[in-house]
C-alpha cells in the first residue's frame, strides 16, 4: 500500500476530517506571511554587496524578463520546501535563492562537466554527500535528496570558514582552493575576506549574482520586473511505494501531464521507476490521494519494458527493428552514446507487447550497466592538483590513472601530461572543483529522445565593456 506523508509545515498544526488526508491537512495551514516572497525577504541576513559585478548581474537579469519569469515559474514547485529546510537549520534565506544561480531552478540542468540538478553536484561530490547515482536514477536530480546534500555541504563549509561569503565561494570553487587563497593572503599580510582573495572570474562573480537576485526579490519594480505570486504553502507531498511502474503510468495515475510529473520526479534515468526496493515520488498535494487510491485499486502489472540480452553478432539496429523502436530511442532509453560499442550479452531495456509479471521479474533479475564511451584524452596537471583530485574530476580512480600512465608516481607535478579514459571529457576554460560551467544543457529524457538544448548563459563574471 502506498504511504503518503502529509505536507505539514514546521510549527503548524493540521486538522481535518481525515487526519491522514493530504488535501484536508494542507488546506488547514495558515501562513503568517501571506506569500512566500514576503517570508523569504524577512529571512535575508547576509551583508549586502554593492560592486560593479552586482550591477552587471542586475542589468543582465533586468534585460531578460522572460528568463526571470521562467525561472520563477520553475521555482514555484520547489521553493517552499527549500525555504522550510533552510529555516530548519537556521541558515540565511538567501541560500534558498542559490539554485537560481546554479541552475535557474531547472532540475534537469546538466553542465558540460556533468554537474547535475538544481544544486549542480558533480558525480564525486554528490556521492560524498550520499546522493546515489546508478543506471536507474540519479539523486543529484532528486529535489529532496539533493537539497539535503547541498545544505549539509553548505553547513559544513560555514562551520569550516566561519563566514557565509567564504562558504559560498567554497561551494562554487572548492574549499581547498579557498583555503589556499586565504593562506596566500596571510603570507602577504593581506586581508582574508571574500573581496580580498584572488579567485577565478566565475567565483568572483558568483556572490554578486546571488546579490543581484536578492535585490530583485527585494524590489522587483526597481528593475522593471515582476515576480509571480508563490503561495506560502506546500506544493508537493511525498508518496512512497514498492510497486514497479512505468513513469508514464505513474503520471496517468496522478492524472498529471508527463512533463509536470517529471518536473517533480526528474531523478529517473529510464522510462521505468525501478532500481530500489521503495520509490519516493513527489506529487502535488491535491493529486497524492488520487494517485494512492488508484494505485491501491490497480492489481495489474504497470511495466511495459523488459530486459533483453544482446546476442552474438546482433547489432543495436537489429534490436531496435525487432522491438519496433527507432535506433535513437533505443540508445536514449539505455543511455548508450552514438560512439559506444555494446558487447555481446549486454542487458538492454526494450518494450514488451503487454505488461506482465514476467516483464517485472525480468527487470528485477537483470543487471543493467552503463556502456562507457571510453574517450581517451590528456590532462595537463595544474598547480594545486593531486592524483586524487584529478581522478575525482573525471570520475575515475587514482589506480585507473596509474594504470593508464605507466610508472606514474604518487605525486604529480604541474605541467605533467596524463592519459585519461573517461566519459567525462575535458572542458575548455578554468573550472572549479565542483566542475561548474556557466552554461547548462538538458540531458536526454528518460521517456523520449531529445537533443541537447542550449539555454541563455548566466550573467557575465565581469562587467561587459562599455
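Bear in mind these aren't lab numbers, they're just calculated from the coordinates by the rules spelled out. This is a predicted model, so every value here is computed, not measured. Please note: Cβ atoms are built from the backbone with ideal geometry, for glycine as well, and neighbour counts cover all protein chains shown.
Length gained on full extension, residue 421 to residue 377: 15.2 nm, using 0.36 nm per residue less the C-alpha separation. Per-residue extension of 0.36 nm, minus the Cα-Cα distance of residue 259 and residue 183, leaves a gain of 22.5 nm for this segment.
In percent, rounded to a whole number, the relative contact order of region 305-365 is 55, using alpha-carbon pairs under 8 Å and six or more apart. Taking 7 Å steps out from each Cα toward its Cβ at residue 132 and residue 218 produces label points 4.3 nm apart.
Placing a label point 7 Å from the Cα of residue 278 along the Cα-to-Cβ direction, the residues of region 140-173 whose backbone N falls under 17 Å of that point are 144-145. Between residue 41 and residue 386, the FRET efficiency estimated from the beta carbon spacing at R0 = 41 angstrom works out to 0.45.
At 0.36 nm per residue, and after removing the present C-alpha to C-alpha distance, how many nm does the segment from residue 339 to residue 163 gain when stretched out fully? Working shown, then result.
Details: separation 176, 0.36 × 176 = 63.36 nm, distance 4.65 nm.
Working it through step by step, the gained length comes to 58.7 nm.
Determine, from the Cβ-Cβ distance of residue 366 and residue 88 and an R0 of 41 Å, the FRET efficiency 1/(1 + (r/R0)^6), rounded to the nearest 0.05. Working shown, then result.
Values: r = 40 Å, r/R0 = 0.98.
In this case the efficiency is close to 0.55.
What does the C-alpha gyration tensor say about the overall shape of region 293-382? Classify as rounded when a/c is under 1.5, otherwise prolate if a/b is larger than b/c, or oblate. Because a/c hits 1.5 or more and a/b exceeds b/c, region 293-382 counts as prolate. Averaging the sequence gap over all C-alpha pairs within less than 8 Å and six or more residues apart, then dividing by the number of residues, gives region 377-419 a relative contact order of 62 percent. Here the spin labels are modelled as points 7 Å beyond Cα on the Cα-Cβ line, and at residue 55 and residue 298 they lie 5.7 nm apart.
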